[in-house]
Every structure is written in structure tokens, then in C-alpha cells.
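First the structure, in the form of C-alpha cells, and then the observations on it.
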Amino acid sequence: MINYRKILELHFEEVSQRTISSSTGHSRNTVSDVVQHSKELGVESLNDTMTNPWLEAFLYPEKQAVEKGYFPIDWERVHKELQKKNVTLSQLHH
């Protein structure tokens, strides 16, 4: 499991992503992705309520849905299929 809290704690202490990667055992891509998501969502510091499960749900809500068996709807595909002539909704399931 990714240690989101540790990654962000070190990031907020201005530790380099390379060092965070080696000290947490996560790839530099993972560290970079977590840091990027936190910046996009405006996370500037951590508090006691920001546990690993909370951070995962906050930073990656789409992951939660997939793990529970729900898959995000590909609206672009649905839209393209509906633009075709004589397409019914039941045909989209195939």
C-alpha cells in the first residue's frame, strides 16, 4: 500500500522526490503522482485526520469506485455510439 501520508510529510519538509522515493520504497513516478495530485487539490499541509485511507480516498476517488466493483462510465464512447444511426442503448452493452 502506498504511504501517502509519509510521502506528503516529507514533501512538505522540502525533501527531494528522489529521497522520498528511496526512504518510502515507492517509485519516483508514484511519489511525483501523489505530490502532483495533492497540489492540484490544494493540499498544503497535513492534520491528524488525514490518515492514509483518507488521503487515498481524497486524492484518488476513482480508485475507490473501481475497488468496490463500480467502473467509471466512458461518456465519450457512449456519446460516439449514440451519434451513430439506429443505435439503441441496449447495443452499447456489447
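Just a few scattered comments:
- Of ARG5, ARG28, the sequence from fewest to most neighbouring Cβ atoms within 10 angstrom is ARG28, ARG5.
- Prolate/oblate/rounded label for region 1-45 (Cα gyration tensor, a/c 1.5): prolate
Read-outs: derived from the displayed coordinates by stated rules, not from any lab. If you're wondering where the values come from, they're calculated on a predicted model, not measured in any experiment. Positions of Cβ are backbone-derived with ideal geometry, glycine not excepted, and every protein chain shown enters the neighbour counts.
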